[in-house]
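Below: the structure, in structure tokens.
The values are calculated or read from the model by the stated rules, or taken from the named source; none is laboratory data. From a predicted model like this one, the values you see are computed outputs, not experimental measurements. Cβ coordinates were reconstructed from backbone atoms using ideal geometry, including for glycine residues, and neighbour counts include every protein chain displayed.
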């Protein structure tokens with residue numbers, strides 16, 4: 001059991017020392033930042049579109 005844990009920890013250490021792991025973390029952070037920005041901008045866009053469609057709806061309702 002100890003040998004399995006020791007082997008796992010050695011493999012984990014080797015994985016974390018590789019540059020590919022660092023690149024993976026950087027890419028994950030970039031994706032998270034893009035997702036956050038997209039969510040914020042889509043919320044703002046949704047509020048703006050809601051205002052536009054409400055304005056169009058009231059204009060059409062008052063025209064008839």
**Asked** Taking the stated definitions as given, is residue 36 in a helix (DSSP H, G or I), surrounded by 10 or more Cβ atoms within 10 Å (Cβ to Cβ), out of contact with any strand residue (DSSP E or B) (no Cβ under 9 Å at 6 or more places or on another chain) and modelled with pLDDT of 90 or more?
**Response** yes
**Asked** What pairs come up if the first residue lies in the stretch 20-40 and is on the phi < 0 side of the Ramachandran plot, the second is surrounded by 10 or more Cβ atoms within 10 Å (Cβ to Cβ) and at pLDDT below 90, and their beta carbons are under 9 Å apart, counting only those six or more places apart or on different chains?
**Response** 21/15; 22/16
**Asked** What is the number of the single condition among (1) surrounded by 10 or more Cβ atoms within 10 Å (Cβ to Cβ); (2) at pLDDT 80 or above that residue 60 does not meet?
**Response** (1)
